[in-house]
Amino acid sequence: EAKAGGRNRAVVYEEHMNELLQLQHTIEGELREALQRDDQLSVAFQPLIDQHTRKVIGAEALARWNHPKYGNISPARFIPVAENTGLIEALGEFVLRRACALGAKAPGRTIAVNISPTQLRNPRFSIQVFDILRETGMRPLDLELEITESILLDDEHTSAQNLRTFRAAGIHIALDDFGTGYSSLSYLKRYPVDRIKIDRSFVMQLADGHVSVAITQAIVTLAHAMDIEVTAEGVETEPQATILGRLGCNTLQGFLFSGGVAEDRITAIFADKANAPERRRRIKAA
Ligand code: C2E
Ligand code: MG
Ligand code: MG
Ligand code: MG
């Protein structure tokens, strides 16, 4: 009986795997088509908030896919497929181009763009970035590329070279989703970054007396000692924002302030007098 149960489970598992593979295949085909058109893919921009002044100092570009039949498909679903099929190259270029077009119209604002490991491993990637900056007229200093720690883990020579090229040109590098994997500040000696972004899963747990307050404090202190700025992502409540401010986080991002918005909306937010830029202080190492 146990054996029969096992076999059934195996059959169910296989059917489930087939369904998953089928779904991946469908997404791949649909995404390939969406990339040839101009009416399904778009880029949303989520405001980045200065913790001290609460002004909007920039925005993170986030890929959006509105499918005529399936509606909005989450990046959590289609980015991994894009990464596994090579479509991330075209998708990444699309997002970068839109982000830099906005950045060119908003000098002094930081525009952050998520970069997949596949893109960074491409030796031609830095050339592509510089071409897009030149074509759009965006200043390299206003661009921030968000990478994930998996990039720091693999000892890819090309990735490291690309990162050095970007930093030499004044482009900022941010380490995204910090705290979710094997993040260690010791990598940051090998691959210097300008910012770390503390993951939402940490921010969610922040409450007076919780151990994550002490962990976040340690991360902020170490980061600042290394001349690295800290952003907290997924800030949803005022108490979270208050604690993060007390801990010295430089920038906040989350639904408390705004989700991702369309390009015309973020342009209006930038133009708002309340968000007029002021001179930002850089943190100096102690
Ligand atoms: P991420 O880079 O960590 O982006 C932050 C994600 O958290 C976004 O989800 C954003 O909408 C969401 N978020 C922001 N504030 C809050 C909040 O207060 N509460 C909650 N619950 N969520 C919040 P989104 O847009 O679904 O993107 C998911 C992930 O997909 C991104 O995580 C990023 O890793 C990836 N992604 C999105 N666009 C691109 C892209 O153009 N290229 C690449 N390579 N990856 C992308
Ligand atoms: Mg990001
Ligand atoms: Mg993130
Ligand atoms: Mg995240």
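The values are calculated or read from the model by the stated rules, or taken from the named source; none is laboratory data. Just so we're clear, the structure is a prediction, and the values are computed from it rather than from any experiment. Virtual Cβ from ideal backbone geometry, glycine too; neighbours counted across all protein chains shown.
With the requirement that a residue be within 13 Å of ligand 1 (Cβ to nearest atom) and more than 25 Å from ASN250 (Cβ to Cβ), what does region 87-105 give you? Explain how you work it out, then say what you get.
First, the residues of region 87-105 that are within 13 Å of ligand 1 (Cβ to nearest atom): 87-100.
If the condition is that a residue be within 13 Å of ligand 1 (Cβ to nearest atom) and more than 25 Å from ASN250 (Cβ to Cβ), then LEU87, ILE88, GLU89, ALA90, LEU91, GLY92, GLU93, PHE94, ARG97, ARG98 are the ones that fit.
Screening GLU144 against (1) assigned to a strand (DSSP E or B); (2) in contact with a helix residue (DSSP H, G or I) (Cβ under 8 Å, 6 or more places away or on another chain); (3) modelled with pLDDT of 95 or more leaves a single unmet condition, (2).
Mind checking whether some residue in region 153-161 is part of a helix (DSSP H, G or I), closer than 26 Å to ASP142 by Cβ and within 16 Å of ligand 2 (Cβ to nearest atom)?
Step one: list which residues in region 153-161 are part of a helix (DSSP H, G or I), which gives 153, 157-161.
Those still in the list that are closer than 26 Å to ASP142 by Cβ too: 158-161.
Next, only the ones that are within 16 Å of ligand 2 (Cβ to nearest atom) stay: none.
No, region 153-161 contains no residue that is part of a helix (DSSP H, G or I), closer than 26 Å to ASP142 by Cβ and within 16 Å of ligand 2 (Cβ to nearest atom).
Within region 42-49, can one find any residue that is away from ligand 2 (no atom under 16 Å from the Cβ), out of contact with any helix residue (DSSP H, G or I) (no Cβ under 6 Å at 6 or more places or on another chain), hydroxyl-bearing (Ser, Thr, Tyr) and part of a loop (DSSP other than H, G, I, E, B)? Scanning region 42-49, I find no residue that is away from ligand 2 (no atom under 16 Å from the Cβ), out of contact with any helix residue (DSSP H, G or I) (no Cβ under 6 Å at 6 or more places or on another chain), hydroxyl-bearing (Ser, Thr, Tyr) and part of a loop (DSSP other than H, G, I, E, B), so the answer is no. Residue pairs whose Cβ atoms lie under 6 Å apart, separated by 6 or more positions or on different chains, with the first residue in region 251-273 and under 14 Å from ALA44 (Cβ atoms) and the second part of a helix (DSSP H, G or I), are GLU263/LEU102.
Looking at THR85, THR53, just one residue is surrounded by fewer than 21 Cβ atoms within 10 Å (Cβ to Cβ), under 25 Å from GLU263 (Cβ atoms) and touching an Asp or Glu at 6+ places or on another chain (Cβ under 9 Å), and that residue is THR53. Checked across region 73-90, the condition of being within 16 Å of ligand 3 (Cβ to nearest atom), assigned to a strand (DSSP E or B) and hydrophobic (A, V, I, L, M, F, W, C) holds for no residue. Does ARG37 qualify as being under 17 Å from LEU87 (Cβ atoms) and of a type in the set (Lys, Arg)? Criteria met by ARG37. The single condition among (1) away from ligand 3 (no atom under 12 Å from the Cβ); (2) surrounded by 14 or more Cβ atoms within 10 Å (Cβ to Cβ); (3) polar (S, T, N, Q) that THR231 does not meet is (1). The set of residues from region 90-108 being among the charged types (D, E, K, R) and buried (at least 20 other Cβ atoms within 10 Å of the Cβ) comprises just one member, ARG98. For region 208-252, the tally of residues that are within 16 Å of ligand 4 (Cβ to nearest atom) and within 17 Å of THR180 (Cα to Cα) stands at 9. Do we find a residue being away from ligand 4 (no atom under 16 Å from the Cβ), on the phi > 0 side of the Ramachandran plot and not acidic (Asp, Glu) anywhere in region 83-102? Taking every residue of region 83-102 in turn, at least one turns out to be away from ligand 4 (no atom under 16 Å from the Cβ), on the phi > 0 side of the Ramachandran plot and not acidic (Asp, Glu).
Restrict the check to region 161-181 and report whether at least one residue is loosely packed, with under 15 Cβ neighbours inside 10 Å and within 16 Å of ligand 4 (Cβ to nearest atom). Looking for residues that are loosely packed, with under 15 Cβ neighbours inside 10 Å and within 16 Å of ligand 4 (Cβ to nearest atom), one finds at least one in region 161-181, hence yes.
Selection over region 202-227 of residues that are modelled with pLDDT of 90 or more and either acidic (Asp, Glu) or in contact with a Cys (Cβ under 9 Å, 6 or more places away or on another chain) (or both) gives a count of 3.
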